[in-house]
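The values are calculated or read from the model by the stated rules, or taken from the named source; none is laboratory data. Small disclaimer: the values here were computed from a predicted structure and weren't measured. Here the Cβ positions follow ideal geometry from the backbone for every residue, glycine too, while neighbour counts run over all protein chains shown. Heads up: the accessible areas ignore ligands, DNA and RNA and are worked out on the full protein's heavy atoms, side chains in. Shrake-Rupley method; radii C 1.70, N 1.55, O 1.52, S 1.80 Å.
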Amino acid sequence: DIPKSMAIEQGNFLKHYLRREVQEGLAQGAKGRETAVKYGEHGFGKRPDVLQFPTDVAELAKKGATSFHVSEERWSNPLVLEPNMRKTDIDNLRTGWDLVLDIDALHWSVSKITAWLIVKSLEEQGIKSISVKFSGNKGWHIGVPFEAFPQKIDRGGQAVETRFLFPEAPRII
């Protein structure tokens, strides 16, 4: 039996994920990305997984999904990802990646000011497509879409496609 408090919580998740605009937003944001579905205290679903249609969100929520986590990497076909793939095979599947900066601090005010300063710095560099999302507790996720980066970057005198620079480039940044 599910404790009453958990049943109420699950009802709230279901109510949220049954909203058409939520389903459409999640499905749109998940295009070409691996999606991890969390089932509360039961952990995550199978891997790899994707959201193909808005109705997928509702169906997974009815099965107990409490959150959806999309990868920062973009893929031509995320369903062919396998745990022991060679780097060249993974690189050939990757079509791009978004930069996600995770800002966490012990104090809310420090986290908030740090996130604000980073966003201002990105804007000063001419980056316009920046997203900021409260990550829970005392942190923020700052996102920069792949389209904000040049298609190729000079690496030791050789032009390398930016899509091949994951995870090295985000770590450097």
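Worth pointing out:
- Distance between the 7 Å Cα→Cβ label points at ILE118 and ASN12: 2.7 nm.
- Computed 3J(HN,Hα) for segment 47-54, one whole-Hz value per residue from the Karplus formula 6.51 cos²θ - 1.76 cosθ + 1.60 where θ = phi - 60°, is 9, x, 9, 9, 10, 9, 10, x, glycine and proline marked x.
- Multiplying the residue separation of ARG86 and VAL110 by 0.36 nm and subtracting their alpha-carbon distance yields 4.6 nm.
- With an a/c value of 1.5 or above and a/b not larger than b/c for the gyration tensor axes a ≥ b ≥ c computed over the alpha-carbon atoms, the chain is described as oblate.
- Computed Kirkwood radius, in angstrom, where 1/r is averaged over Cα pairs of segment 25-107: 14.0
- Surface analysis of segment 1-150 yields an accessible area of 65 Å² per residue, using protein heavy atoms and a 1.4 Å probe.
- Counting only residues at least eight positions apart within a chain, or on another chain, the lysines with an alpha carbon under 26 Å from that of LYS87 are LYS31, LYS46, LYS152.
- Protein accessible area in the chain, 1.4 Å probe - carbon and sulfur %: 55
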